[in-house]
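Following: one structure in structure tokens, then a few remarks.
The values are calculated or read from the model by the stated rules, or taken from the named source; none is laboratory data. The shown structure was predicted, so the numbers you read here are calculated from the model rather than taken from an experiment. Glycine gets a Cβ as well: all are built from the backbone with ideal geometry, and neighbour counts include every protein chain shown. Side chains are part of the model used for accessible areas, which takes the heavy atoms of the whole protein and leaves out ligands, DNA and RNA. Shrake-Rupley method; radii C 1.70, N 1.55, O 1.52, S 1.80 Å.
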Amino acid sequence: MKESPSVDEWLREAKADESAARCGMYLTHNGTVRELPKKQVREGIDDGSTVTAMDFSYDHAAVEAAAAEALSWEGIEYVKVWLNEGHLEVGDDIMYVLIGGDIRPHVIDALQRLVGAIKTEMVSEVEISD
């Protein structure tokens with residue numbers, strides 16, 4: 001498990017970046033390990049189990065490439081991504097993403113698109129249930 005970054009520090013860095021004058025919005029995502037199993041939250045299947053931990057890993061190169069690609073999306077000027085790895089407990093941070101861009105629709109769409117791609121294509125999450 002890695003030490004989680006400071007969103008406040010990330011925002012200070014983003015606002016000091018040369019791209020800041022072109023950014024009218026910054027949006028962050030912080031994913032955490034939850035006790036409700038993915039199958040219950042996403043598919044409505046409640047078998048009575050709860051998640052106690054998660055083994056998490058990711059494709060480092062793919063995540064770096066996805067973050068770089070996001071900078072080419074309409075209106076996006078700033079991207080920063082951090083992912084944890086290893087054995088994580090309920091409440092531990094899984095991921096932080098910061099997107100900066102010109103207008104709200106571009107930034108919201110980019111955050112959803114980037115987080116969605118990372119979660120569906122670049123990570124391995126193994127929930128450990130009781």
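Results for (1) open to solvent by less than 40 Å² (accessible area, probe 1.4 Å); (2) at pLDDT 95 or above; (3) farther than 18 Å from Asp130 by Cβ; (4) not β-branched (Val, Ile, Thr), shown as yes or no for each residue.
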{"position": "Arg22", "(1), (2), (3), (4)": "no, yes, yes, yes"}
{"position": "Arg42", "(1), (2), (3), (4)": "no, no, yes, yes"}
{"position": "Glu77", "(1), (2), (3), (4)": "no, yes, yes, yes"}
{"position": "Leu88", "(1), (2), (3), (4)": "yes, yes, no, yes"}
{"position": "Val97", "(1), (2), (3), (4)": "yes, yes, yes, no"}
{"position": "Asp102", "(1), (2), (3), (4)": "no, yes, yes, yes"}
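For the range 62-81, the criterion of being in contact (Cβ under 8 Å) with a residue 60 or more places away in the chain and of a type in the set (Asp, Glu) is met by none of the residues.
Is it the case that Asn30 is open to solvent by 30 Å² or more (accessible area, probe 1.4 Å), within 18 Å of Ser4 (Cβ to Cβ) and polar (S, T, N, Q)? Criteria met by Asn30.
If you check Lys15 against the conditions, is it free of Cβ contacts under 8 Å to residues at least 24 places away in the same chain, among the charged types (D, E, K, R) and either open to solvent by 20 Å² or more (accessible area, probe 1.4 Å) or not in a helix (DSSP H, G or I) (or both)? The answer is yes for Lys15.
Among residues belonging to the range 104-129 that are in contact with a Phe, Trp or Tyr (Cβ under 9 Å, 6 or more places away or on another chain) and not hydrophobic (A, V, I, L, M, F, W, C), point out the one that is most open to solvent (accessible area, probe 1.4 Å). By that ranking, first place goes to Arg113.
On the given criteria, is Leu71 open to solvent by 30 Å² or more (accessible area, probe 1.4 Å) and not aromatic (Phe, Trp, Tyr)? Yes: the conditions hold for Leu71. Against the list (1) more than 13 Å from the chain's Cα centre (by Cα); (2) open to solvent by less than 60 Å² (accessible area, probe 1.4 Å), the condition Trp82 fails is (1). Looking across Asp47, Asp8, Asp55, one residue alone is open to solvent by 70 Å² or more (accessible area, probe 1.4 Å), over 21 Å from Gly116 (Cβ atoms) and not in a helix (DSSP H, G or I). It is Asp47.
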